[in-house]
Amino acid sequence: MKWSTAASQFPRGRLIGVIYLSYFLVAISAEVLGQHNLSALSNATNVMSFILYLILSFLFFFLFRPVNRLISLIAAIFGAVGCVIGTIGLYSTVARQISPLWFFGPYCLLIGYLIFRSTFLPRILGVLMILAGVGWLIYLSPLEKYLVLYIEILGILAEASLMLWLIVKGVNKLRWQAANAPHT
C-alpha cells in the first residue's frame, strides 16, 4: 500500500486513544521512577513517553488534516519539537533551559482549535484542550506558583477527556470522511 493511500484512509480514533493511554501510563511510570531516585530508569521511561507522544502528534496530524492541513501540520511540528527538546533535556543541562511546554502549550492550543472546528469530535473537547494550552503557557510565567495545581488538573482533565473519548467513542467516521472528501 502506498504512503499516500495509507495516509488518506480513515484514521482509527480508538487506536489513537489507546496510544494516548499508553503515553499517559508510561509518563506516569517515569514520574514515579524519578520520585524513587531511579533516574536512569526514569530517563529511559521518559524517552519512551516522548516517543509515544511523537507518534501521537503525527497521528493527530492525519486525524485533523481534513479540518485544516496547515494548522494540523504546524501542530504536529510543535508536538515533535516539544518531544525532541524534552528528550534532549533529559541528558543535557543546556537543553533544560528550554522548556518543552513552550511547544506543548501551542500544540494543545492548535489541537483544541482543530477539535473545535471539526465536526467529528465534540467541541467541548476542543475548548478543554485550548484551556490546557493556555494553562501550559501560564505555567511558564510567574503566575505558575499560584496556579500550578489548577493548571495541572486542567491539563490532565483536558488530555484525559480527549483520550477517553477516543477510546470509548472514537471518531464519527461519516463526518470525518465528509470533511476529508474533495471539495468541488
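All of the numbers you see were taken from the coordinates with simple rules; none came from a lab. Keep in mind it's a predicted model, so treat the numbers as computed, not measured. Glycine also receives a Cβ, built like all others from the backbone with ideal geometry; neighbour counts cover every protein chain displayed.
In table form, for the structure just shown:
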read-out	value
Normalised contact order of the chain, rounded percent, pairs of Cα under 8 Å and 6 or more residues apart	24 percent
Per-pair calculated FRET efficiency, R0 = 25 Å: VAL148 and ILE28 via Cβ, rounded to 0.05	0.90
Most to least packed among 153-159, 137-143 [average Cβ atoms within 10 Å]	153-159, 137-143
Gap separating the Cα centres of the range 48-104 and the range 107-184, nearest whole Å	15 Å
